[in-house]
Amino acid sequence: VRQGKLRGMSSSSVAFDRAASYYDETRGLPDDAMAELSALLVEQLAGRRPVLEIGVGTGRIALPLARAGVPMVGVDLARPMLDVLRRKDDAKLVRVVHADATQLPFADSSFDAAVASHVFHLIPDSGRALDELTRVLRAQSRLLVAAGGDHDDDWRTEVREFFRGACRAERPAAHDERRITALTELEQRASSAVDLPEVEVNRDATITDMIDRLEAGQWSWSWDLPDDRLHAAAEETRVWARDTYGDLDVARATTSRIGWRCYDLP
Ligand SMILES: C[S@@+](CC[C@H](N)C(=O)[O-])C[C@H]1O[C@@H](n2cnc3c(N)ncnc32)[C@H](O)[C@@H]1O
């Protein structure tokens, strides 16, 4: 990982240092869905080089793109996330830079396209991140944005919302607001914006496993909550879930739809 590009600034963004060890296990997509998503994004990036990903993390998105021939540069605030990316990237296809998306260490007009996946909700000053992105992008460039996370259409949404309510946390709303602010602003700056076809992800999961992960604080909206609040909320959720769904250890089918949006910039 390249050193020291943060120029002494302390970012108010949410860095994922603590998530590096479990991120891929909890956020990874099944191989077939990842292949489908990657092919869609590669098609949108054809002929564009180089491509920047802000908040590249462990390279969940950047690495498959790079392996498909897209010349990727990834920046992230969290060194441990970049270290995971480096370890996976045997062929050193992705150039990684430890940097803040609101203060990019690149010259104006350095990139033909950019990717932003699950990152705008973590950056309070999204206007500045967009200013920086447009500065380092060339004219008529393209930005691909994951549209607000996986869209659960089943029991998972209910369990997560119950748990959030039981935590009495402010942060989920703040995260949603930041994401919506960034996307609204992007919509205004773009010359066109198009939804890419959704990728459907089907897999089995148990309610026990989901509540355990919520209790372990694996999602960034819960990182400022004390452990005892997470434990109490998990207990409350288990009791409610048993009443509502029955056996929490049964494997249940889930479907998520992964949506991305393609913005062309003037
Ligand atoms: C939820 S992860 C997403 C990682 C990857 N894009 C993906 O889709 O798997 C968000 C990443 O953004 C990083 N991040 C948050 N704020 C940032 C900022 N201002 N500049 C650069 N990276 C940032 C975090 O450290 C974390 O690694």
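The values are calculated or read from the model by the stated rules, or taken from the named source; none is laboratory data. Owing to the predicted nature of the structure, the values given are computational and were not obtained by experimental measurement. Heads up, the Cβs are rebuilt from the backbone with ideal geometry, glycines too, and the neighbour counts pull from every protein chain shown. Keep in mind that these areas ignore ligands, DNA and RNA; they rest on the heavy atoms of the full protein, side chains included. Shrake-Rupley method; radii C 1.70, N 1.55, O 1.52, S 1.80 Å.
Some notes on this structure:
- Number of positions in segment 49-73 that are open to solvent by 10 Å² or more (accessible area, probe 1.4 Å), within 11 Å of the ligand (Cβ to nearest atom) and of a type in the set (Gly, Ala, Ser): 1
- Screening the candidates Arg242, Arg229 for the property of being closer than 23 Å to Arg18 by Cα, open to solvent by 60 Å² or more (accessible area, probe 1.4 Å), more than 21 Å from the chain's Cα centre (by Cα) and modelled with pLDDT of 90 or more yields one hit, Arg229.
- In segment 89-101, the qualifying residues are those that are open to solvent by 10 Å² or more (accessible area, probe 1.4 Å) and not small (Gly, Ala, Ser), and the one that is nearest to the ligand (Cβ to nearest atom) is His98.
- Take the conditions (1) within 18 Å of the chain's Cα centre (by Cα); (2) closer than 30 Å to Pro50 by Cβ; Trp219 misses just one of them, which is (2).
- Residue match in segment 74-86 (condition: open to solvent by 10 Å² or more (accessible area, probe 1.4 Å), more than 8 Å from the ligand (Cβ to nearest atom) and without any contact (Cβ under 8 Å) to a residue 60 or more places away in the chain): no
- Scan of segment 245-266 for residues that are surrounded by 11 or more Cβ atoms within 10 Å (Cβ to Cβ), part of a strand (DSSP E or B) and of a type in the set (Gly, Ala, Ser), ordered by number: Ser256
- Restricting attention to segment 188-201, the residues being over 19 Å from the mean Cα position of the chain (by Cα) and either assigned to a strand (DSSP E or B) or surrounded by fewer than 15 Cβ atoms within 10 Å (Cβ to Cβ) (or both) number 5.
- Condition check for Arg138: of a type in the set (Lys, Arg) and either assigned to a strand (DSSP E or B) or within 23 Å of Arg48 (Cα to Cα) (or both): yes
- The residue pairs whose first member lies in segment 13-41 and is open to solvent by 40 Å² or more (accessible area, probe 1.4 Å), whose second member is away from the ligand (no atom under 11 Å from the Cβ) and not in a helix (DSSP H, G or I), and whose beta carbons are closer than 6 Å, counting only pairs six or more residues apart or on different chains, are Glu36/Val199.
- Per-region count, segment 184-198, residues of a type in the set (A, V, I, L, M, F, W, C) and in contact with a Ser or Thr (Cβ under 9 Å, 6 or more places away or on another chain): 1
- Candidates Leu265, Leu196: the one that is within 16 Å of the ligand (Cβ to nearest atom) and within 29 Å of Ala113 (Cα to Cα) is Leu196.
- Among the residues of segment 113-135, the ones that are open to solvent by 20 Å² or more (accessible area, probe 1.4 Å) and either in contact with a Ser or Thr (Cβ under 8 Å, 6 or more places away or on another chain) or in a helix (DSSP H, G or I) (or both) come to 8 in all.
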